[in-house]
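Report on one structure; see the data block that follows.
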Amino acid sequence: MDSELIQQLGDQLGANGLPYIVPIHPNLVHLTLGLFIAAIAFDIVGALFPFERPLFKYLAIPATRSNFFDVGWYNMLAAAIITFPTVIAGFYEIMLAEPPTEVTSAWGLQAMETLLWHGVGGALLLVLIVGMAVWRGFQRYLWRRDMGRQVQWLYLLVGLIIFFLMFVHGTLGAQLAAEFGVHNTAGRLLRLGENPNLRL
């Protein structure tokens, strides 16, 4: 019974190994990354605003410090929310992956090792991003509500460390697609010995 169900699901998978045309996880990942990076970047600009104010004035840019912190907060909140479907889609697509066993990545990892590290990293980043959003919310509404600088320096430093973790994690994801052809339609077809020009 289980083998029949798996066979039926396998018959419904497209050329990319998924039951839909475009992988969802890579698209949501870039949204998560963009929102998180923008959040930290705007908070850094807000934290350094006293040094930048003359430049904004010279360029005739009507900017206030609170505006930068508003953008930082709302981007961090959005990043925390979108990370849940990003990770869920990632785990779903990992379950449908058929990675090659004879290939190793530029980092010397097999496909299954890369998948496992990428999955664990995704769960870890989910926890970190949600933790950063909670931390940011406490700073905005409780701890630093009446202060000019709405974020702590430690918060910004942790955000930069998470940037580095995102780079490592994103590199593993890129290796899955580019080097192992996981859910990469053209790469998968080539590995199967088929002509992508005829299938796509």
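I need the full set of residues from the stretch 92-113 which are assigned to a helix (DSSP H, G or I) and either touching a His at 6+ places or on another chain (Cβ under 9 Å) or surrounded by 15 or more Cβ atoms within 10 Å (Cβ to Cβ) (or both), in order please. Steps first, answer last, please.
Of the residues in the stretch 92-113, the ones assigned to a helix (DSSP H, G or I) are 92-95, 111-113.
Selection gives 92, 93, 94, 111, 113.
If you check 72, 46, which single one turns out to be of a type outside the set (Ser, Thr, Tyr), assigned to a helix (DSSP H, G or I), surrounded by 14 or more Cβ atoms within 10 Å (Cβ to Cβ) and modelled with pLDDT of 85 or more? Talk me through it step by step, then tell me what you get.
Numbers: 46 fails: modelled with pLDDT of 85 or more.
Every option except 72 fails the conditions.
Being under 21 Å from the mean Cα position of the chain (by Cα) and surrounded by fewer than 18 Cβ atoms within 10 Å (Cβ to Cβ) narrows it down to one of 157, 172, 176, so name that one. Show your work before the answer.
Details: 172 fails: surrounded by fewer than 18 Cβ atoms within 10 Å (Cβ to Cβ); 176 fails: surrounded by fewer than 18 Cβ atoms within 10 Å (Cβ to Cβ).
That would be 157, the only listed residue that is under 21 Å from the mean Cα position of the chain (by Cα) and surrounded by fewer than 18 Cβ atoms within 10 Å (Cβ to Cβ).
Step by step: first the residues of the stretch 136-163, then only those that are out of contact with any helix residue (DSSP H, G or I) (no Cβ under 8 Å at 6 or more places or on another chain) and assigned to a helix (DSSP H, G or I), then the one that is nearest to residue 68 (Cα to Cα). Which residue is that?
141
From the list 133, 123, which one is touching a helix residue (DSSP H, G or I) at 6+ places or on another chain (Cβ under 7 Å), of a type outside the set (Ser, Thr, Tyr) and surrounded by fewer than 16 Cβ atoms within 10 Å (Cβ to Cβ)? Talk me through it step by step, then tell me what you get.
Numbers: 133 fails: surrounded by fewer than 16 Cβ atoms within 10 Å (Cβ to Cβ).
On inspection, the qualifying residue turns out to be 123.
Could you please tell me which pairs satisfy a Cβ distance under 6 Å, a separation of 6+ or placement on different chains, a first residue in the stretch 83-108 that is within 15 Å of residue 172 (Cβ to Cβ), and a second residue that is of a type in the set (Ser, Thr, Tyr) and buried (at least 16 other Cβ atoms within 10 Å of the Cβ)?
86/32; 105/114
Given the conditions (1) surrounded by fewer than 19 Cβ atoms within 10 Å (Cβ to Cβ); (2) over 17 Å from the mean Cα position of the chain (by Cα); (3) modelled with pLDDT of 85 or more; (4) not aromatic (Phe, Trp, Tyr), which single one is not true for residue 57?
Failed condition: (3).
The values are calculated or read from the model by the stated rules, or taken from the named source; none is laboratory data. Every value quoted in this text rests on a predicted model; they were computed, and no experiment measured them. Backbone-built Cβ (ideal geometry, glycine too); neighbour counts: all protein chains shown.
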